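Worksheet: one structure, shown below.
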Amino acid sequence: MATTETGAAPRTVRVLPDTLSIPMQRYTLLPAMRPARKTVGLALSGGGANGLAQIGVLKAFEEEGIPVDFIAGTSMGAVIGGLYSCGYTPNELEEIAHSLPWESIVNIGNNKYSRSNIFLEQQRVRDRSTIAIRFEKLKLIIPRSLSSAQALTETLDLLALNALYPVTDNFSSLPVQFRAVTTDLVSGERVTLASGSLSEAMRASSTIPVLFSPIAHGQRQLVDGGLVANLPVDELESFSAEYKIAVDAHGSMYSTGRELDLPWKAADQALTILTKLQYPAQLEKADIVIRPELENHMATDFSDIDSLVASGYTKGKTLAGTIRRSIENQRKSSPSGRSIAGYTKRISFPEENQEFIEHYHIVSGIVRNATDTRTALRELLATDLFTRVYAEVDARRKKAVFHLTPLPAIHRVQISGGPPGALSPDEQGACFAPLMGRVYTNQTGTKALESLVRTYRDKGYSLVHITDTGVSGNTLRVRVSSGRADGITVAQDRNITDKTPVNREIKVDTTTVVRLREARSSVKNLYDTGVFNRVSLSAKSTGEGDDERTLLKFSLDEKPASVLRIGLRYDETSNAQFLLDYRNENLAGTTNSLGGWLKVGRKNNVANIEYNMPRIGSTNFTMSSRLFYDKHNFDHTRLVFDKQFFNTRSFSSGSYDIQKYGFSAAFGTRIRKNGKFIADITLQNSKSSTDSEQDDGFVTENLDLLSIGSRLTIDSRDNALIATTGNYTDLRYALTTPAMENENLFWQFSGTHEHNIPVGERTTLQFSGMFGVSSVPVPLSEKFFLGGPGTSYSRRFIGLPENALPGNNIASAGVQLQYRPPFDILFPTALRFNYNTGNAWESRDQIALARLIHGIGTSLVWETPIGPARFTAAKAFSFLRAADEQESSTLRFADTVFYFSLGHDF
């Protein structure tokens, strides 16, 4: 535009450059003019894994200097576009794509909790069930989806929280203005999200119906935008984008029915069919369409991210020149420049300063060769060295003066605010090194400020950002926010859970700086309570400068409290068994549980009524109580060792029953989430009977026993049966006396430890050991049992039949090598090799290394939908004639044993 001095005969005319009208919303040292060009809108499509190719397109654009002002995205395009809009660079997006466990994030079966991060009582309940059915006021609740998508929710929430730029309610305030396209599952209407929680918008746009739970947004139920607009080019019109780029990464369809072997593949195929109907109208609205060469890559295949990104990068590089020429073309609305051909031209700076000499030499050629003011001003702004430029033209004297305001020289940086001591002077200095004592551009200044914030992010300070910048003399002053949250709000959809159990799981403290690990821990803790379907976290910034406030919001999708669990199991010893477990897992909103469970089988029957308080209030104290009934029939095998490897001399010497019923209570303290130390008391009736015709030392007894003891248990294993990481430790001491009788009391001390060491990606080495000692001979019902693959009745000893060795004292140690092949044998499979050694003794003076029994075995374990299936072949050997022999002999072998089980152990 041009402005003139008032008066009848103006001598000079001031000419201002044609500048970009949209505001600069990134960090800047100083406000600066930007040269005019067409505004650029980018439409990013859905496409699952194929959508990652769009990262490559963005990467090519940044290298080629192609600006992006607006993004509208659907599904994966919304995820990539949303993260790019809040400050993640293409290189960072590529790193994120490589680091994320995509298979577990998008897996519909990934509703499992982190076992090592839940209470021991919850581990026990969840380890033994196959199916869980929820009820609300005795009404069966049918799940609306196969997965709550908690893994996806947590991933997007934490990425948005840790973004370079603070996210406000308005997506138009982001560095790149953003829109996420979704579908209202109720009305079928298209819903475009332009405000609210950024992570929720990205998640809603990528929520595949049936597979994942819809996102409640007011009265709407939002799901994948691909149902109505997989490539939302028309959404760019709401931004008034002058140049529209469509990136189509939806890929190809599955070509055979055999490929549609999983539910999410069928859902992806259905979405692809729908997108084919939408595309012609959308593509017509684009000024250019970028289609990465994806060949026949499937949307569910995240195995080759490098090639996907490379395909988008290659196509973006190829078309970058065409796009650059198109957006730099003069717009029809641009004002005409004033001709200054033949004029005397000079450059004027705001002050005489030696530091501007280099600026002069850089741009003197532009001014000297200028023939048109608008063109010259645009070229001057394009150097990015100035905050403001304009020209004064004196047509009478044929003179033109170009007034340039260079970026000031920086010799010192002063940073105020922020977490005390978070960054060292060297770390601060490294961020601003490209500015110090040299000529720099506005973009370099922006990158320096972003580098400062990124350094805070790398240290886990998620809410620290720049609130103000300014230059005084040669000193750059940067004000940084405190990084604290000004408040925490909790939104619950059912308002079932009380404030106390919610607040105690939130580790974020509003009086100190918020760290990413605390936010992540809070989300995991809340989810792992088991009373929420989904836990979401978002940050909201309001106000500016000193009035700025940042609030954290936890959104809790609560489960109905009543749950029925069903378990099924078959094994070679007890045959078919059935479990029913019904309990209220969030009693009166406390997360305490009250309920009971029943186990029925041919050889064992169990009934329990339990009340558990994982934590009492906000303390770490815990309490539990139960009424129990337990009856189990044991087969007793008389072990015989023979010199022949394939011998069958062991024989059954009968069976015996043990029946217990009574009451127990415990009180103690938690050790993190997966451990506790308790004191307990148990009053029970214990009855044992035998039908054995052999003199095995078993007698019929009917005793009332009172036990007082203590127990330390820590279980950090990721899986109770097929552990790949974590440890298990259990130590127990009990003092027992026959109640109201004058017999001697006895004590028992036992311990078990299991240590799992990952060796490579697919192999786990496990070391285990256990012991049990008693003061005097104890009743049959209280003896230790050794033998079999390990159950709730008998300690593990591969090579011996289950319950083969009862004793007052036992000890064993073992090593196991587990390998998970990269392929499935019907189901996910693990191969095991075991060695263990140990024995059981009636008295402690019999314990000796020479009397140890050894066992070896190999197993195949499958993870089936109804629980683990396990088949083991094993053999025991020793240097004894029989298990209870006292003198050693030559190497002898017991019978070969086979174990088989299907289902969880309960």
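So here's what we get for this one:
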| item | result |
| --- | --- |
| Members of region 44-85 that are assigned to a loop (DSSP other than H, G, I, E, B) and surrounded by fewer than 24 Cβ atoms within 10 Å (Cβ to Cβ) | Gly65, Ile66, Pro67, Val68, Asp69 |
| Checklist (1) more than 17 Å from Ala229 (Cα to Cα); (2) at pLDDT below 95; (3) crowded, with 22+ Cβ neighbours inside 10 Å applied to Pro90, failing item | (2) |
| Elements of type strands (runs of 3 or more DSSP E) in region 531-647, at least 3 residues being small (Gly, Ala, Ser) | 532-542, 593-601 |
| Sole exception among (1) at pLDDT 95 or above; (2) in a helix (DSSP H, G or I); (3) under 30 Å from His411 (Cα atoms) for Val389, by number | (2) |
| Number of positions in region 93-116 that are part of a helix (DSSP H, G or I), at pLDDT below 90, surrounded by 17 or more Cβ atoms within 10 Å (Cβ to Cβ) and not charged (D, E, K, R) | 4 |
| Test: residue in region 355-371 that is in contact (Cβ under 8 Å) with a residue 12 or more places away in the chain, touching a Gly at 6+ places or on another chain (Cβ under 9 Å) and of a type in the set (A, V, I, L, M, F, W, C) | no |
| Residue that is surrounded by the fewest Cβ atoms within 10 Å (Cβ to Cβ), among those in region 275-297 that are under 15 Å from Gly46 (Cα atoms) and in contact with a Lys or Arg (Cβ under 8 Å, 6 or more places away or on another chain) | Arg291 |
| Meets criteria (touching a residue at least 40 places away in the same chain (Cβ under 8 Å), part of a strand (DSSP E or B) and either closer than 30 Å to Ile362 by Cα or among the charged types (D, E, K, R) (or both)) for Thr469 | yes |
| Identity of the residue in region 117-146, of a type in the set (S, T, N, Q) and within 30 Å of Ile609 (Cα to Cα), that ends up modelled with the lowest pLDDT | Asn117 |
| Candidates Val502, Val490, Val480, filtered to the one that is hydrophobic (A, V, I, L, M, F, W, C), over 30 Å from Thr444 (Cβ atoms) and crowded, with 20+ Cβ neighbours inside 10 Å | Val502 |
| When residues of region 165-186 are limited to those that are touching an Asp or Glu at 6+ places or on another chain (Cβ under 8 Å) and in a strand (DSSP E or B), the one surrounded by the fewest Cβ atoms within 10 Å (Cβ to Cβ) | Gln177 |
| Test: residue in region 372-379 that is surrounded by 17 or more Cβ atoms within 10 Å (Cβ to Cβ), touching a residue at least 24 places away in the same chain (Cβ under 8 Å), part of a strand (DSSP E or B) and of a type in the set (Gly, Ala, Ser) | no |
| Single unsatisfied condition, Asn808 versus (1) over 28 Å from Tyr656 (Cα atoms); (2) of a type outside the set (Ser, Thr, Tyr); (3) in contact with an Asp or Glu (Cβ under 7 Å, 6 or more places away or on another chain) | (1) |
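The values are calculated or read from the model by the stated rules, or taken from the named source; none is laboratory data. Predicted, not measured: the structure shown is a model, and the values here were computed from it. Cβ sites come from the backbone with ideal geometry, for glycine too, and all protein chains shown count toward neighbours.
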